[in-house]
There are 2 protein chains.
Amino acid sequence: MSAYEEAVSIMYWDMRTGAPKKGIPARSQAVGVLSTELFKMSTSDEMKNYLTELQKENDGLNPILLKTVEEVQKEYDLSKKIPTDEYQEYVVLCSESEAIWEEAKEKSDFDMFLPYLEKVVAMTKKFIGYWGEKDGNAYNRLLDQYEPGLTTEIIDEVFDQLKETIVPLVKKIGAQNNQPNTSFIFEKFPKEQQKAFNYKILEQLGYDFDAGRLDETVHPFAMGINTGDVRITTRYDEHDFRSGIFGTIHECGHALYEQNFDKKLEGYPVADGTSMGIHESQSLFYEHFIGHHEGFWKYNFESLQAYSPEQFGNVSLEEFLSAINVAQPSLIRIEADELTYPLHVMIRYEIEKELFNGDLEVKDLPQVWNDKYEEYLGIRPENDAEGVLQDVHWSGGMFGYFPSYALGYMYAAQLKNAMVKDLPQFDELCERGEFEPILAWLTEHVHQYGKMKKPLEIIQDTTGEGLNAKHLADYLEEKYSALYKLS
Amino acid sequence: MSAYEEAVSIMYWDMRTGAPKKGIPARSQAVGVLSTELFKMSTSDEMKNYLTELQKENDGLNPILLKTVEEVQKEYDLSKKIPTDEYQEYVVLCSESEAIWEEAKEKSDFDMFLPYLEKVVAMTKKFIGYWGEKDGNAYNRLLDQYEPGLTTEIIDEVFDQLKETIVPLVKKIGAQNNQPNTSFIFEKFPKEQQKAFNYKILEQLGYDFDAGRLDETVHPFAMGINTGDVRITTRYDEHDFRSGIFGTIHECGHALYEQNFDKKLEGYPVADGTSMGIHESQSLFYEHFIGHHEGFWKYNFESLQAYSPEQFGNVSLEEFLSAINVAQPSLIRIEADELTYPLHVMIRYEIEKELFNGDLEVKDLPQVWNDKYEEYLGIRPENDAEGVLQDVHWSGGMFGYFPSYALGYMYAAQLKNAMVKDLPQFDELCERGEFEPILAWLTEHVHQYGKMKKPLEIIQDTTGEGLNAKHLADYLEEKYSALYKLS
């Protein structure tokens, strides 16, 4: 099964990093066939027998096998409920739908994407029918797949808490009218130079290029193909270096997680991220708490200047830091700043909830999307490319995933809080470009375990408490009050 | 099965174009698992039943299905005779043997490679035992796998014919002592510039970038992953532009073949090259009859100069043409010129024939190899890296493949001869950079058929005769007599 998974991963990676478009239909078919074989194996009588036999020997199993049986059994129970032909149909549909999404986004043509998205939503609803709702809540069923135990009840509460901090902060900043100069951000930074700088930063952060590679794509992702092959992708904008550089640091966080699983887990399905939220905590930790850290840029700013001297030659470190930490409502989630980012996630969460628990129809998404942006962020997309078409997730059936982004952000703030107790010299380490102790701490507390610990076990064992939005709220309050000299 | 083939292809392509090294062991395992599944399917009872049922309906089948059944039956009969465990042993052996060969070549240490090569030869002989000899000739069985219908009787005759032309020509040129200046060939041509020039040439020749892509590798190849995805790889040497540029044109010839199969064949196993020889006829046609053509460079030389002005600024078109068409005995097959190339193939053919039909032992290969180079080319390898270890083929069990290279060359000359009857303005088309009619002609007579016609059917239908070495001999005689002003 892991051979099949490896094949499907590499085929997918290839489709997203430059496979020629005329090959996509056959490729989608091939991915569909192999995914279906995988699905058949995972729901086969043979699998059932393995599980039954292994469960009999429960006491004699080592912890890795014990956890493996538990994970595989959960997967088995979910998959077993989906008829094979429908699963196959779904996989092919998602693959086609993603290709169409890419084209639709390019052309900013929602109508082109609409029939595919409608089918994806319809099939997802059908699957929820097979699985059954969770606590009488259809959307909870989806949430649980990405973050075991997560419910709308929990999310509603922490999102409300965050909103209470973020919305007034955004308003205050808006009213202040003292936004920093950001004009140099949009000056030309040649792609090849950005790429070279990225390679340097990745080396610095401890990304292992013998076990990975960096490529370009439209919607960046990191992907563990096997434990010795964890790839990063990014997207360069020559007139906004932030997407290439901070995007790469973000994906690097994901990749470091998967490059540092305990070697003992190799070859078992537990050699994987324990949840989307914990995965995202690693990427956001690197993107925000390191990539936007003053010390990080004290160490790297001169080098950045050398890669684009005309752009940065007359910019001071202080000006640079103010500019990259600007908080300003914007339309694109992956380019959003640290402060407004959670609002983007909340919008998607509310839409998904309405789509699966309420009456929202797919055809109405652009309208609802734009209205919510206007409500939460005070700005309205001018077209669907910068609106509802911006994210790949829905095209591939990933509903219930978005909340993990905000959850991961909260986890990251909690982990950072715990880390500085063990590494009080955190700021100095960043200033000296010594990221090894930071990676070692994360590996010790998070990475090594893979799926051997559940998300909240990791948080509890490391921070001494459960999910807590306060750490992130405090961090944002403190950071932006200082940056904008708010009273 | 075609989904599995697609997966194995893309995994292999990826390993050869930049997969990180720590991921290779798991990747090799995965390729092994999927290849074995493929083998099991091809020899399964299910396959047998399909074939039996389809053969019953022979009259009702359309031509594509008829041909498909014929091809699959042949494959089935061959594979079925090999016990599965021996097939697996062979696949593992070849994979190990290739790795050892690479190391042995690097160290120029034949003894290190010897035990592996001996095992590969022994297993190949065992397989011939299972398959049975062909016309009482063991080596014919191997030849037939790459070029259906090809026998030592045919090859002996055409190779003798070629030898009669080539050997005296090489001697005459050697005696003349008027070799052209080639020094500028080895001046620096930056990789990025070579790459940009290659893209331009590929567009010109009609390579469809929406159905392919160009990447770098160590040992270049073209690969059809599906009919909408036919990739080219190349290798750049900044101090010898020939490998990058002519190598790319060569692989482009292979790729044009697979990009232009009749769309009706899509999804059937007949959407494939009909033989190695015909495949090679397409790559060599483009490499030699176009890439080394005076008209081609009349059209492209100015552009080449612009991509590397210091190197070519003071070189005239005439000097350039003389340099790229230099004929000189050399030790490495893939770097050999148009004239001496067939001699490299003949040496390998004679050795293989002796290995399988005669008494030649593997341990004696270096001695025999070196003696033959001295005899045919007048030069003797100083070590086995530039001698018997230079090619990968034998390490992977590819015996009987080499003759296709020379065969393809002869086919190409025959096709060229037929083409100029239909396109008497061939030279002018090259001079004007109009390659579309040439590609259209090849598509009409060769490409579109895939495996729907056997190699000699294509040659017969297109040229009105069977395999004929005379066209290549005449071409070489004429070309080199003119270039070297031989009496």
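The values are calculated or read from the model by the stated rules, or taken from the named source; none is laboratory data. Only a predicted model underlies this, so the values are computations on that prediction, with no experimental measurement involved. As a convention, Cβ positions derive from the backbone with ideal geometry for all residues, glycine included, and neighbour counts pool all protein chains shown. What goes into the accessible areas is simple: the full protein's heavy atoms, side chains included, and nothing from ligands, DNA or RNA. Shrake-Rupley method; radii C 1.70, N 1.55, O 1.52, S 1.80 Å.
How big is the Rg/Rh ratio for the range A:407-487, C-alpha atoms only, Rh by Kirkwood, two decimals?
Over the Cα atoms of the range A:407-487, Rg/Rh equals 1.02.
Seen from all sides and averaged, what is the projected area of the convex hull of the Cα atoms in the range B:2-137, in nm²?
So the Cα hull casts an average projection of 11.2 nm².
If Lys and Arg each add +1 and Asp and Glu each add -1, what is the summed charge of the other residues whose beta carbon sits under 14 Å from the beta carbon of B:GLU335?
-4
Can you tell me the equivalent ellipsoid semi-axes for the range A:309-454? Use √(5λ) from the Cα gyration tensor, largest first, whole Å.
34, 24, 12
Taking θ as phi - 60°, what are the ³J(HN,Hα) couplings along the range A:376-390 by the Karplus curve (6.51, -1.76, 1.60), each to the nearest whole Hz, with x for Gly and Pro?
Per residue, the Karplus-derived 3J(HN,Hα) values read 7, 10, x, 9, 10, x, 8, 8, 6, 4, 9, x, 5, 8, 5 Hz.
Please state the charge dipole magnitude for chain B, taken about the Cα centre, from unit charges on C-beta atoms (+1 on K and R, -1 on D and E), reported in debye and rounded to the nearest 20. If you can, show how the numbers build up before the last one.
On the way: 47 positive and 85 negative charges, 55 e Å.
Once rounded to the nearest 20, the dipole reads 260 debye.
Shortest first and in nm to one decimal, what separations exist between B:LYS134 and its copies in the other chains, measuring from label points 7 Å along the Cα-to-beta-carbon line?
Nearest first, the other copies' label points are 6.1 nm away.
For A:ILE225, what residues show an amide H to amide H distance below 5 Å, using hydrogens built from the backbone and excluding near sequence neighbours?
Those lying under 5 Å, H to H, from A:ILE225 are A:VAL230, A:ARG231.
Using only atoms on other chains, find how many Cβ atoms lie within 10 Å of each Cβ of peptide A:25-35 and report the average. Walk me through the numbers before you get to the answer.
On the way: counts 4, 10, 8, 0, 5, 10, 3, 1, 6, 5, 1.
Average neighbour count from other chains, rounded to a whole number: 5.
State the antiparallel share, in %, of DSSP beta bridges confined to the protein assembly as shown, rounding to the nearest 5.
The answer is about 60 percent antiparallel.
Tell me, in nm to one decimal, what length is gained between B:LYS125 and B:GLU444 on full extension, where the rule is 0.36 nm per residue of separation less the Cα-Cα distance?
110.9 nm
What is the packing order of peptides B:388-401, B:168-181, taking the mean over residues of other C-beta atoms within 10 Å and listing the highest first?
B:388-401, B:168-181
For the range A:148-155, in order, what is each residue's ³J(HN,Hα) by Karplus, 6.51 cos²θ - 1.76 cosθ + 1.60 with θ = phi - 60°, in whole Hz (x at glycine and Pro)?
x, x, 6, 9, 5, 4, 5, 5
I need the phi-derived Karplus couplings for the range B:86-97: 6.51 cos²θ - 1.76 cosθ + 1.60, θ = phi - 60°, integer Hz, Gly and Pro marked x.
6, 4, 4, 4, 5, 4, 5, 4, 5, 5, 5, 4
From Cα pairs below 8 angstrom and at least 6 apart in sequence, can you work out the relative contact order of the range B:225-284, rounded to a whole percent?
Relative contact order, the range B:225-284: 35 percent.
Quick one: grab the alpha carbon gyration tensor of the range B:424-469, order the square roots of its eigenvalues as a ≥ b ≥ c, and give me rounded if a/c is under 1.5, else prolate or oblate depending on whether a/b is larger than b/c.
oblate
To the nearest whole number, what is the average tally of beta carbon atoms from other chains within 10 Å of the beta carbons of peptide A:15-23? Numbers along the way, then the final one.
On the way: counts 1, 0, 0, 2, 8, 13, 5, 11, 14.
Rounded to a whole number, the mean comes out at 6.
To the nearest 20 debye, what charge dipole does the range A:2-136 have about its Cα centre, counting +1 at the Cβ of each Lys and Arg and -1 at the Cβ of each Asp and Glu?
For this selection, approximately 220 debye.
Give me log10 I(q)/I(0) at q = 0.20, 0.26 Å⁻¹ for the range A:334-373, Debye formula, one equal scatterer per alpha-carbon, no solvent.
Taking Cα atoms of the range A:334-373 as identical point scatterers yields -0.61, -0.87.
For the protein assembly as shown, report the translational diffusion coefficient in µm²/s to the nearest whole number, using Stokes-Einstein at 25 °C, 0.890 mPa s, and a Kirkwood Rh over Cα pairs.
The Stokes-Einstein estimate is 78 µm²/s.
Ranking request for peptides A:39-50, B:290-301, A:186-197: highest mean number of other beta-carbon atoms within 10 Å first, then the rest in descending order.
Ranked from most to least packed, the peptides come out as B:290-301, A:186-197, A:39-50.
Okay, helix-only estimate at 222 nm for chain B: each DSSP H run of n ≥ 4 adds -39500 (n - 2.57), divide by all residues, round to 500 deg cm²/dmol; what do you get?
The helix-only estimate for chain B comes to -20000 deg cm²/dmol at 222 nm.
Just want the answer: with Cβ charges of +1 for Lys and Arg and -1 for Asp and Glu, which residue in B:ILE24, B:SER42, B:ALA7 is farthest toward the dipole's positive end in the range B:2-137?
Final value for the positive-end residue is B:ILE24.
For Cα pairs less than 8 Å apart in space and 6+ apart in sequence, what is the mean separation divided by the residue count of the range A:2-136, i.e. the relative contact order in percent?
Reported as a whole number, the value is 26 percent.
How high is the relative contact order of the range B:152-483, in percent, counting Cα pairs under 8 Å that sit 6 or more residues apart?
24
Keeping all protein chains in place, calculate the accessible area per residue for chain A (probe 1.4 angstrom), answer in Å².
Accessible surface, normalised per residue, equals 41 Å².
Between A:GLU375 and A:LYS191, with labels modelled 7 Å along Cα→Cβ, what's the label distance in nm to one decimal, could you check?
3.9
Magnitude of the Cβ-charge dipole of the protein assembly as shown, K/R +1 and D/E -1, about the Cα centre, nearest 20 debye?
120
Return the carbon/sulfur percentage of the accessible area of chain B, one whole number, probe 1.4 Å, all protein chains in place.
Accessible surface attributable to carbon and sulfur in chain B totals 48 percent.
Taking each label point as 7 Å beyond Cα in the direction of the beta carbon, state the distances from B:GLY378 to the same residue in the other copies, shortest first, in nm.
The projected label point of B:GLY378 is separated from its counterparts by 8.6 nm.
Put +1 on the Cβ of every Lys and Arg and -1 on every Asp and Glu Cβ in chain B; which of B:LEU476, B:LEU214, B:PHE301 then has its Cα farthest towards the positive end of the dipole?
Of the options given, the answer is B:LEU214.
From other protein chains only, count the Cβ atoms within 10 Å of every residue's Cβ in A:4-13, then give the mean.
Per residue, the average neighbour count from other chains is 5.
Run the Debye formula on the Cα coordinates of chain B, all scatterers equal and no solvent, and tell me log10 I(q)/I(0) at q = 0.05, 0.08, 0.09, 0.10 1/Å.
-0.19, -0.50, -0.64, -0.81
How many times 2.2 N^0.38 Å is the alpha carbon radius of gyration of the range A:200-346?
For the range A:200-346, the normalised Cα radius of gyration is 1.10.
Counting only protein heavy atoms and rolling a 1.4 Å probe, how much accessible area do A and B lose on contact, total for both sides, in Å² to 100?
What A and B bury together is about 2400 Å².
Which order, highest average first, do A:407-420, A:145-158 follow once you tally other Cβ atoms within 10 Å for each residue and take the mean per peptide? Could you put the intermediate results ahead of the total?
Working: A:407-420: 23.5, A:145-158: 17.5.
Those peptides, ordered most packed to least, come out A:407-420, A:145-158.
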